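The values are calculated or read from the model by the stated rules, or taken from the named source; none is laboratory data. Keep in mind the model is a prediction, meaning the values are calculated, not measured. A quick note on method: Cβ atoms are made from the backbone with ideal geometry, for glycine too, and the neighbour counts reach across all protein chains shown. Heavy atoms of the whole protein, side chains included, go into the accessibility calculation; ligands, DNA and RNA do not. Shrake-Rupley method; radii C 1.70, N 1.55, O 1.52, S 1.80 Å.
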Amino acid sequence: MSFKLPSLQYDYKSLEPYIDAATMEIHHTKHHAAYTNNLNSAIEGTSIDLQPIEEILREVSKHSPVVRNNGGGYYNHNLYWEIMSPKGGGEPNGTLLKRIQADFGSFAEFKDKFSAAAASRFGSGWAWLVLRDNKLVIFSTPNQDNPLMDVAEVKGFPLLGLDVWEHAYYLKYQNRRPEYIQNFWNVISWDAVQHRFESAR
Amino acid sequence: MIHELPKLPYSADALTTAISAQTIDFHYGKHHQAYVNNLNNLIVGTPYENATLETIIKEAEGGIFNNGAQVWNHTFYFEAFSPNPQASPAGRLLRLIESDFGTLTEFKDKFNKAALSLFGSGWVWLSLNNQGHLEISQESNAGNPLRKGLKPLLTCDVWEHAYYLDYQNRRADYLPKFWEVVDWKVIADRLG
Ligand SMILES: [Fe+2]
Ligand SMILES: [Fe+2]
């Protein structure tokens, strides 16, 4: 089996003005494609060749750093494209909103905490909203690590992930990562996040 | 002590065959400056308030280490460039490179491989070790070989911000251009 680069459910230009078309295209066709290809080459002919990505990540400490880096890069970008939409923004509702309010106080407090996690990650990495033991937690990981990995400090099921590698925002925002984070809220598909929340429970 | 952003020994548009003026403006004017500002804010009221950058690199942790090392690393990176560089090493430096790596080409290949395979943000270094040999090392994020007792001679910034405006995902295209602006006279002076 080999992993496939997913096609996006929207056009590269459709997240403008928040994320520009050039960034989207390079991010998808170069960065995400490279993680996918490198992962496929690393696992070809090995015992994990037929495993789903989630299982590979769950025991990633048993594999080479190439699998950790590119397996993470493959999964994380799948999730990133999935939880964004040109019809995104606003606030979640229903069970997810209630859970956010219960665990963080309010949506505004959740937003501040998630944004702070994304802004303070030094170097390359991701900010996460994770369901862990039926409770929501926010944290960040370095490079392409994620909360499914056995090497992660905090483990759980990722509901929302924000790529804060410089390649995710540099063409449009350069050194202004906080502005990118601020604008990310306009493209989050809360339907997709709600869907992940339900499938995790 | 107040840390300051050192002046560049060339203008922002002096390296455009390799690094655009726009990249220098952001990299030096925004990133490097931000590390200086962050460091000055963070050290107030700490044991590092009057420490040199070298002491901070050897001893500090967390934000003080990150910002202090990034100030030093960027100064070291920018000061190695020149619009009229000495294009290759000579004398003792060349002899060291040849004895430790074979040829200048083999050295550059090995350095480039280290730069390409560094995953995420970081720096690739050429340093002199305690045995008097040269070594190439990779450091993540703000890492600096001074912390391991090595004497740094040359570094390449492979944070994406160093090349993304000019080369996007093509780090492999940035590296040969990087070598075109490295001034080997500066590296030889560092060797002493
Ligand atoms: Fe990315
Ligand atoms: Fe840099």
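What single numbered condition from (1) more than 13 Å from ligand 2 (Cβ to nearest atom); (2) within 13 Å of chain A (Cβ to nearest Cβ); (3) surrounded by fewer than 16 Cβ atoms within 10 Å (Cβ to Cβ) fails to hold for B:L42? The single condition B:L42 does not satisfy is (3).
When the residues of the range A:155-169 are narrowed to those that are away from ligand 1 (no atom under 11 Å from the Cβ) and over 16 Å from A:W81 (Cβ atoms), which ends up most open to solvent (accessible area, probe 1.4 Å)?
The initial filter retains those residues of the range A:155-169 that are away from ligand 1 (no atom under 11 Å from the Cβ), namely A:155-160.
Now drop any that are not over 16 Å from A:W81 (Cβ atoms), which leaves A:155-157.
Numbers: A:K155: 92, A:G156: 19, A:F157: 61 Å².
Step by step, filter the range A:155-169, then rank; the result is A:K155.
Given the structure, is B:F111 more than 16 Å from ligand 2 (Cβ to nearest atom), over 27 Å from B:Y10 (Cα atoms) and crowded, with 18+ Cβ neighbours inside 10 Å? Taking the combined requirement at face value, the residue does not satisfy it.
So which of A:N175, A:N186 is without any contact (Cβ under 8 Å) to a residue 60 or more places away in the chain, out of contact with any strand residue (DSSP E or B) (no Cβ under 6 Å at 6 or more places or on another chain) and assigned to a loop (DSSP other than H, G, I, E, B)? Residue meeting the stated conditions: A:N175. Residues in the range A:17-40 that are buried (at least 16 other Cβ atoms within 10 Å of the Cβ), outside any helix (DSSP H, G or I) and either away from every other protein chain (no Cβ under 14 Å) or within 14 Å of ligand 1 (Cβ to nearest atom) (or both): A:Y18, A:I19. Scanning the range A:111-145 for residues that are within 14 Å of another protein chain (Cβ to nearest Cβ) and touching a Leu at 6+ places or on another chain (Cβ under 7 Å) gives a single hit, A:W126.
Does B:V186 satisfy the criteria of being in a strand (DSSP E or B) and crowded, with 17+ Cβ neighbours inside 10 Å?
Values: in a strand (DSSP E or B): no; crowded, with 17+ Cβ neighbours inside 10 Å: yes.
Judged against the criteria, B:V186 is not a match.
Of everything in the range A:170-188, what is open to solvent by 20 Å² or more (accessible area, probe 1.4 Å) and out of contact with any His (no Cβ under 9 Å at 6 or more places or on another chain)? Give them in sequence order. Within the range A:170-188, A:L171, A:K172, A:R176, A:R177, A:P178, A:E179, A:Q182, A:N183, A:N186 qualify. Here B:W179 meets the list (1) of a type in the set (F, W, Y); (2) in a helix (DSSP H, G or I); (3) buried (at least 20 other Cβ atoms within 10 Å of the Cβ) almost entirely, failing just condition (3). From the list B:Y164, B:Y174, exactly one residue is open to solvent by less than 40 Å² (accessible area, probe 1.4 Å), within 16 Å of ligand 1 (Cβ to nearest atom) and of a type outside the set (G, A, S). Which is it? Of the residues listed, the single one that is open to solvent by less than 40 Å² (accessible area, probe 1.4 Å), within 16 Å of ligand 1 (Cβ to nearest atom) and of a type outside the set (G, A, S) is B:Y164. Evaluated against (1) within 12 Å of chain A (Cβ to nearest Cβ); (2) touching a residue at least 40 places away in the same chain (Cβ under 8 Å), B:I187 falls short on exactly one condition, (1).
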